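Structure first, then comments.
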Amino acid sequence: MQVFLYDSPAFQTFLKNNPHERREVKFLESIAKEGMNAIDVGGHIGITAVAIARTVCKRGCVYSFEPVPEYFDILKKNLSANKLENAEAFQLAVSDRVGTIDFYQKGSYSSITPQEGAKEFKVNTITIDSFLNHQKVERIDLINMDCQGSELLVLKGAKESLQKNKVRIFCEIHHDLLKHLGQSVQAVIQYLQKLGYEVHSVSLDDLSMKNDFDNAEYIYARN
């Protein structure tokens, strides 16, 4: 799947045949509300950014971040093709500090975590707090994250925003990649709980929320 039109039969068939993407979209559409401002971390080619932008409508905004050049180009094309004037793409990685970092890409894999045979390159990083302050965005309501091991780093760089806003967080958990960085899903949960967030694991099989964090593929948090 490259450039797509969300309402087209081809894209709806793609969702039907790909339960991972279909269930992500369905859950995001269930928690996003009209008028929300949202951040999409790890935008890839724009499936979640498009879904969120359509749901928050013109009164809301979506800021999608994708550091890999080829994905970023497709992300921009998909926002344009779907005529989403309330969504903007940024070729940046989101982390806990502003600067640069080594990034690795191999096939559909891209992360700050090295993988054998992966292409290595430098990417610019930003924090959610610094981005919102620089863009003068006064309120953030939703954060969607698929950041391949950078989960805790992203959230640490959003501490100010998470404390002063009512934020819904949907985050894919990559246990092995977190472990490689000396982190864990438990550390992510504890960090959010200290900020006053209630955290649940999410089963995409039926979109139910539980507390099975050791095997969680996703977590959902809100304050």
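Some notes on this structure:
- Residues in the stretch 190-223 that are touching a residue at least 40 places away in the same chain (Cβ under 8 Å) and touching a strand residue (DSSP E or B) at 6+ places or on another chain (Cβ under 8 Å): 10 in all.
- A residue that is at pLDDT 95 or above, hydroxyl-bearing (Ser, Thr, Tyr), surrounded by fewer than 20 Cβ atoms within 10 Å (Cβ to Cβ) and out of contact with any helix residue (DSSP H, G or I) (no Cβ under 7 Å at 6 or more places or on another chain) occurs somewhere in the stretch 63-84.
- Members of the stretch 10-58 that are open to solvent by 10 Å² or more (accessible area, probe 1.4 Å), under 14 Å from GLU88 (Cα atoms) and of a type outside the set (Val, Ile, Thr): ASN37, GLY42, HIS44, ARG54, CYS57, LYS58
- Residue list for the stretch 111-128, filter: farther than 21 Å from GLU217 by Cα and open to solvent by less than 20 Å² (accessible area, probe 1.4 Å): VAL123, THR125, THR127, ILE128
- Unmet criterion (only one of (1) open to solvent by 20 Å² or more (accessible area, probe 1.4 Å); (2) farther than 17 Å from ASP96 by Cα) for HIS134: (2)
- Residue match in the stretch 45-55 (condition: under 21 Å from LEU15 (Cα atoms), among the hydroxyl-bearing types (Ser, Thr, Tyr) and touching a residue at least 60 places away in the same chain (Cβ under 8 Å)): yes
- Unique match (being in a helix (DSSP H, G or I), touching a residue at least 40 places away in the same chain (Cβ under 8 Å) and closer than 19 Å to ILE31 by Cα) among LEU153, LEU162, LEU177: LEU162
- For the stretch 85-102, filtering for residues that are β-branched (Val, Ile, Thr) and open to solvent by less than 30 Å² (accessible area, probe 1.4 Å) leaves 1.
The values are calculated or read from the model by the stated rules, or taken from the named source; none is laboratory data. Not measured: the values here are computed from a predicted model. Note that we place each Cβ from the backbone using ideal geometry, even for glycine, and neighbour counts take in every protein chain shown. Heads up: the accessible areas ignore ligands, DNA and RNA and are worked out on the full protein's heavy atoms, side chains in. Shrake-Rupley method; radii C 1.70, N 1.55, O 1.52, S 1.80 Å.
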